[in-house]
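Single-structure report; data block below.
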Amino acid sequence: MTRTVYLNGEYLPEAEAKVSIFDRAFLMADGVYEVTSVLDGKLIDFDGHAKRLERSLNELDMPKPKAFDDLLEIHRELVRLNGIEEGMIYLQITRGAPDDRDFVFPDPETTEPTLVLFTQNKPGLANNPVAKKGIKVISIEDVRWGRRDIKTVQLLYPSMGKMMAKKAGADDAWMVEDGFVTEGTSNNAYIIKGNTIITRALSNDILHGITRAAVLRFAREAQMKVEERNFTIDEVKDADEAFVTSASTFVMPVVEIDGAAIGGGVPGERALRLREIYLEESLKAAV
Ligand code: PMP
């Protein structure tokens with residue numbers, strides 16, 4: 001089945017969806033995105049993703065091409081057209097395509113934003129076998145720009161980080177700045193010590209994960225303690241458990257960092273329990 005995608009008001013076969021070479025995202029990474037997961041054919045945390053998208057657009061002074069309800073409708077229509085039971089919807093908004101390359105933002109009166117959405121079919125996403133054995137990470141320096149709270153398509157360094165991890169025989173990288181972990185290349189990072197979950201506090205240094213917000217809420221409801229503070233790689237090595245969160249991996253246990261086993265090198269029971277709770281609760285609230 002050929003994938004049907006959405007581009008600027010039209011549902012098209014993927015090969016027919018074309019964007020200008022002058023698009024600001026192509027030339028300047030001047031675009032923002034969101035990834036919403038689909039379970040049982042329904043959208044997980046759509047509200048949170050739509051709100052963060054709005055915030056990213058505001059921070060970059062980028063026009064919003066569609067209202068919340070329209071975006072929800074497009075997401076649902078793509079799920080339907082592509083028969084997605086489990087997977088993701090990728091959404092991207094760019095500042096559009098002016099008629100030439102220029103650093104100055106184009107006039108929003110004459111240059112319309114580009115809106116693209118496509119589905120990624122991932123059967124077995126919730127039951128991902130990787131969660132049963134956990135992932136290995138390496139630590140790398142965080143050399144990204146200072147507005148990581150804005151979800152831009154400027155993903156070259158996270159992409160390089162994944163490659164560094166792959167080369168080192170690991171699955172992902174945790175980034176470190178001034179001696180403290182910021183986050184994973186495409187996820188938020190956590191350690192667990194006793195009954196306490198430790199994760200970096202929200203600021204411009206990290207993306208404000210939608211999964212993070214939900215997982216911390218569920219953790220508190222399950223009587224776990226949450227400390228939002230900086231932590232070091234030494235603390236990670238000394239932790240009982242570690243995990244990451246993101247819309248596409250939910251809660252994923254981390255069992256090794258820089259070759260050192262965390263909590264005996266197997267997924268921790270609290271991380272696995274949080275994964276279960278997250279999947280259960282977010283499915284109940286899915287739209
Ligand atoms: N941090 C970074 C750098 C990310 O790219 C992502 C996923 N896009 C996250 C955290 C997790 O955010 P969310 O839970 O909203 O997917």
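The values are calculated or read from the model by the stated rules, or taken from the named source; none is laboratory data. From a predicted model like this one, the values you see are computed outputs, not experimental measurements. Every residue, glycine as well, gets a Cβ built from its backbone with ideal geometry; the counts of neighbours run over all protein chains shown. Remember, those area values only see protein heavy atoms, side chains included, never the ligands or the DNA or RNA. Shrake-Rupley method; radii C 1.70, N 1.55, O 1.52, S 1.80 Å.
Spacing of the modelled spin labels on Val153 and Glu235, each 7 Å from Cα toward Cβ, amounts to 3.6 nm. For the pair Arg220 and Glu269 in one chain, pulling the backbone fully straight at 0.36 nm per residue adds 16.0 nm over the alpha carbon distance.
Which percentage, to the nearest 5, of the DSSP beta bridges contained in the range 130-285 is antiparallel?
Values: 19 of 31 bridges.
Of the beta bridges lying entirely in the range 130-285, close to 60 percent run antiparallel.
Label sites at Lys18 and Lys284, each approximated as a point 7 angstrom past Cα along Cα to Cβ, lie 5.0 nm apart. Excluding ligands, DNA and RNA, the accessible surface per residue across the chain is 48 Å² with a 1.4 Å probe. Note the angle between two axes, namely the Cα long axis of helix 68-81 and the longest principal axis of the Cα atoms of the chain, as a number of degrees from 0 to 90, rounded to the nearest 10. Helix 68-81 sits roughly 80 degrees off the main axis of the chain. In the chain, the portion of solvent-accessible area held by carbon and sulfur atoms comes to 51 percent [1.4 Å probe, whole percent, DNA, RNA and ligands not counted].
Extending 7 Å from Cα along the Cβ direction at Thr196 and again at Leu81 yields two label points whose distance is 5.1 nm. Taking 18 Å as the cut-off, the amide N atoms of the range 48-65 that come nearer than this to a point 7 Å along the Cα-to-beta-carbon line of Glu109 belong to 62-64.
Compute the Cα gyration tensor for the range 86-193, then decide on rounded, prolate or oblate, letting a ≥ b ≥ c be the square roots of its eigenvalues: rounded whenever a/c is under 1.5, prolate when a/b is larger than b/c in the other cases, and oblate in all that remain. Walk me through the intermediate numbers first.
On the way: a/c = 2.70, a/b = 1.54, b/c = 1.76.
Oblate, since a/c reaches 1.5 and b/c is not below a/b.
For the range 233-255, backbone nitrogen atoms closer than 17 Å to the point 7 Å from Ser203 Cα along Cα-to-C-beta are found at 233. Residues of the range 16-33 with backbone nitrogen within less than 13 Å of a virtual label 7 Å along the Cα-to-Cβ line of Thr2, please, listed as ranges. Residues passing the 13 Å test: 16-18.
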